[in-house]
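The values are calculated or read from the model by the stated rules, or taken from the named source; none is laboratory data. The shown structure was predicted, so the numbers you read here are calculated from the model rather than taken from an experiment. Positions of Cβ are generated from backbone atoms using ideal geometry, with glycine treated the same way; all protein chains shown enter the neighbour counts. The protein model used for the area step is the full one, side chains on, heavy atoms only, and it has no ligands, DNA or RNA in it. Shrake-Rupley method; radii C 1.70, N 1.55, O 1.52, S 1.80 Å.
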Amino acid sequence: MDHSGTTPADDQHPPADDSHLGAPLVELEAVDKYFGDLHVLQDINLTVRRGEVLVVIGPSGSGKSTLCRAINRLETIDSGDISIDGQPMPAEGRQLARLRADVGMVFQAFNLFAHKTVLDNVTLGPRKVRGLSKSDAEAEALRLLDRVGVKNQAAKFPAQLSGGQQQRVAIARSLAMHPKVMLFDEPTSALDPEMINEVLDVMEQLAKEGMTMIVVTHEMGFARKAADRVVFMADGQIVEEATPEEFFHHPRSDRAKDFLSKILTH
Amino acid sequence: MEEYLDIVRQYDVLGAFWVNIQLAFWAALLSLALGSVLALFRISPIGSLQWAGSAYVTILRNTPLTIIMVFMVLGAWGQLELTLATDFDLNFFWLAVVGLSIYHAAFVCEAIRSGVNTVPVGQAEAARSIGLSFLPSARLVILPQAFRGAIAPLGNVLIALIKNTTVAAAASVATETSSVMRTMIEFRPDYIYAIFFTFAIGYVILVTPVGLLSTSFSRRLAVAR
Ligand SMILES: Nc1ncnc2c1ncn2[C@@H]1O[C@H](COP(=O)(O)OP(=O)(O)OP(=O)(O)O)[C@@H](O)[C@H]1O
Ligand SMILES: [Mg+2]
């Protein structure tokens, strides 16, 4: 996104340019989730539009991972509605599996299938879920691995790759399902510093190509360059929603100011 | 010495070991299949299947094998007329195989479950997130890694199974080692020590490679993380 036009007077922001965004794709309505007595998601209302890149930021324990996991139903919710492309998330079984295939997920710990080669990691879903032939799936997988820059590692096992390479394979594995939206839960926070950028570059490229993305990250550079919107969470609530520029330069809530002062000063 | 070897031949000690090897072979296959299904039950998201799996394991694991074997012959065959082969001796053989299998399946299940515990939850979550439902993700992602993490405990179950095949005597399999040994001791008490060591060493020779192999396989096939 081009933010060069958004350098307004101190207290005034023009509305963000959202002409490139489509219809609502991910919709959360009055979502509540408890872990025992802990109210981890409190009345969450959130809409992500097609092509939008949403960055979720917030202190540890605020519920960011739970939010992501609720969207593809790795966590159940206690009340409210979550729908993807107009379809409510089904409760269980085959239908849920089908809808999950449309929601890509990239984990902090990569979670590549440890007993399969890089190539087999990427082809497993297309073959077993989408029913592609082995040769079609492999051709597509090699194309995706090339795109994320690890094609030459295709025959290796995950444990033989660096963290940055593994995370890029994980992105390719998600992309191979042609998801409508991709969820990233702190995709770079388990990486050594020198590998963070190779993963962020791939994500920025995806954002540019119009992928709908929900990204939990504290990488402000990424948020500034790629995000349409930033959501700040604290204690299970969405405390603030703004454009990246607005949020990082003029946070409104005390919680956000406090949080930013902590992550900016180290 | 010469005379003792004649006795060994006369009572067909090698043939007796061969019976136990066959019992162990078939029971290993069947208990592996049954134990895998039980393990699937226990890790499945369906409450009633989990319950059934753990009830099976709790009951079978805590029942003495002799009780099961006697039941197979006097209950399942004698009263319920379960017949697995028309040949009399062969029928007892297969009843013993079934008894051994249902007993050891409980241990196989627990061994596989300990293997499942070596698979990080992230593996299952990644499988679900690409749209695999429970059975495909178990078959393609969880169990292949679980088996590789369960080789050592499965080896221990196999060792126990091989030794436990002698309990087939309780299911009237008269040609297996412990029954043959009993006959030999009855008729040749002058050789009791030699007889005992023949069978003891026979089992050591049978079982030791299993332990060595399972240790080496479990190291060689371990999933690198
Ligand atoms: N399976 C669980 N059972 C019980 N409590 C949980 C579970 N998962 C998370 N929690 C709790 O829910 C709260 C929100 O957790 P969550 O992982 O969503 O936070 P987060 O914002 O992602 O934090 P972080 O930045 O540390 O990743 C935390 O207090 C956490 O301890
Ligand atoms: Mg988290």
Please specify each residue of the range A:212-241 satisfying the condition of being aliphatic (A, V, I, L, M) and either within 16 Å of ligand 1 (Cβ to nearest atom) or free of Cβ contacts under 8 Å to residues at least 40 places away in the same chain (or both). A:214, A:215, A:216, A:220, A:223, A:230, A:231, A:233, A:234, A:238, A:239
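Residues checked against (1) of a type in the set (Gly, Ala, Ser); (2) within 16 Å of ligand 2 (Cβ to nearest atom):
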residue: A:165; (1), (2): no, no
residue: A:169; (1), (2): no, no
residue: A:172; (1), (2): yes, no
residue: A:202; (1), (2): no, no
residue: A:213; (1), (2): no, no
residue: A:222; (1), (2): no, no
residue: A:225; (1), (2): no, no
residue: A:233; (1), (2): no, yes
residue: A:244; (1), (2): no, no
Keeping to the range A:127-146, report how many residues are surrounded by 17 or more Cβ atoms within 10 Å (Cβ to Cβ) and more than 9 Å from chain B (Cβ to nearest Cβ). 8
Of the conditions (1) open to solvent by 40 Å² or more (accessible area, probe 1.4 Å); (2) away from ligand 1 (no atom under 14 Å from the Cβ), the single one that residue A:109 does not satisfy is (2)
Picking from B:167, B:204, the residue that is part of a helix (DSSP H, G or I), more than 14 Å from chain A (Cβ to nearest Cβ) and buried (at least 20 other Cβ atoms within 10 Å of the Cβ) would be B:167
Every residue from the range A:202-236 that is part of a strand (DSSP E or B) and farther than 18 Å from residue A:262 by Cα: A:212, A:213, A:214, A:215, A:229
The lone exception for residue A:72 - which of (1) at pLDDT 95 or above; (2) touching a strand residue (DSSP E or B) at 6+ places or on another chain (Cβ under 6 Å); (3) within 11 Å of chain B (Cβ to nearest Cβ) it fails: (1)
Would you list the helices (runs of 4 or more DSSP H) that sit entirely within the range B:1-114 and hold 3 or more residues that are in contact (Cβ under 8 Å) with a residue 60 or more places away in the chain and either open to solvent by 80 Å² or more (accessible area, probe 1.4 Å) or within 20 Å of residue B:169 (Cβ to Cβ) (or both)? B:13-43, B:65-70
Can you pull out the residues in the range A:87-106 that are facing another protein chain (nearest Cβ under 7 Å) and open to solvent by 80 Å² or more (accessible area, probe 1.4 Å)? A:94, A:98
Restricting attention to the range A:174-201, which residues are away from ligand 1 (no atom under 16 Å from the Cβ), in a loop (DSSP other than H, G, I, E, B) and open to solvent by 10 Å² or more (accessible area, probe 1.4 Å)? A:178, A:179, A:180, A:192
Residues that are more than 16 Å from ligand 1 (Cβ to nearest atom), of a type in the set (A, V, I, L, M, F, W, C) and touching a residue at least 24 places away in the same chain (Cβ under 8 Å): does the range A:57-76 have at least one? no
Could you look through the range A:41-67, keep only residues that are among the β-branched types (Val, Ile, Thr) and open to solvent by less than 50 Å² (accessible area, probe 1.4 Å), and pick out the one that is nearest to ligand 2 (Cβ to nearest atom)? A:66
